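A.B. asks: Just dropping this structure here.
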Amino acid sequence: MAKNRTLLSRIGLIIMGLGVASSAFWFGATTKESLVQDNSLSSSPDYFITKVAVKKFDDTGALVETLHAEQTLHYIARSTTLLENPSVERRNVSGKWTAKADKGVIEDGSDDILLTDNATATKQYLDAEDIQLMADNVHYLDNDQTLTSYGNATLLSTQGKTSAETITTFVHSEEVIMTGSVRGLYESIR
């Protein structure tokens with residue numbers, strides 16, 4: 001019986017020791033810091049959508065715009081949506097323009113779109129030759145109805161190739177404004 005009490009008291013001490021050790025570990029392991037850092041939360045999107053396909057129609061029911069993207073990331077605090085691999089097509093009375101890039105940005109409540117990283121835009125006129133804009137960035141501004149290319153901006157047309165710091169083309173006309181150092185390579189048509 002004395003042996004049993006000694007054995008029981010040893011087992012009790014071991015259990016109590018394990019309890020103290022696990023309590024010490026538990027309280028020592030808990031931290032006052034969050035497991036997720038604040039800066040990673042602030043850079044996380046509020047929501048995202050994959051395989052996006054959006055169509056916009058005018059009051060008569062005619063298709064005005066289509067937008068496709070592999071993924072959109074929306075940030076409520078910044079009022080911004082980031083696009084991955086976006087492509088846009090806008091139609092109007094004088095023709096249409098299409099654009100694509102590796103990345104894009106749309107501000108909430110705006111019809112403007114900024115396309116970045118390998119951006120290209122093609123204007124297709126009903127009564128004139130198409131032109132293509134290539135740049136690091138192509139910015140469509142809805143109020144001005146313009147496409148502005150900057151960062152290695154190049155305009156390709158049937159007349160040749162022109163590069164400038166900034167190239168702005170108007171959606172409803174054939175007008176093009178080039179600023180900065182403008183260079184052209186033109187070939188005569190025989």
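The values are calculated or read from the model by the stated rules, or taken from the named source; none is laboratory data. Everything numeric in this text was worked out from a predicted model, so none of it was measured. So basically every Cβ, Gly included, is an ideal-geometry build from the backbone, and we count neighbours across all protein chains shown. Note: accessible area is taken over every heavy atom of the protein model, side chains too, but ligands, DNA and RNA are not part of it. Shrake-Rupley method; radii C 1.70, N 1.55, O 1.52, S 1.80 Å.
A.B. asks: Within the range 83-99, count every residue that is open to solvent by 50 Å² or more (accessible area, probe 1.4 Å) and either more than 26 Å from Thr50 (Cβ to Cβ) or at pLDDT below 95 (or both).
C.D. replies: Residues that pass the stated criteria total 3.
A.B. asks: Leu73 is checked against (1) touching a Lys or Arg at 6+ places or on another chain (Cβ under 9 Å); (2) surrounded by 16 or more Cβ atoms within 10 Å (Cβ to Cβ) and fails just one. What number does that condition carry?
C.D. replies: (1)
A.B. asks: Just checking: which of the strands (runs of 3 or more DSSP E) contained wholly in the range 91-190 hold 2 or more residues that are among the charged types (D, E, K, R) and over 30 Å from Ile76 (Cβ atoms)?
C.D. replies: 160-170
A.B. asks: Follow-up question, since we're still on this one. Quick check on Thr120: is it among the β-branched types (Val, Ile, Thr), within 17 Å of Val88 (Cα to Cα) and crowded, with 19+ Cβ neighbours inside 10 Å?
C.D. replies: In short, no.
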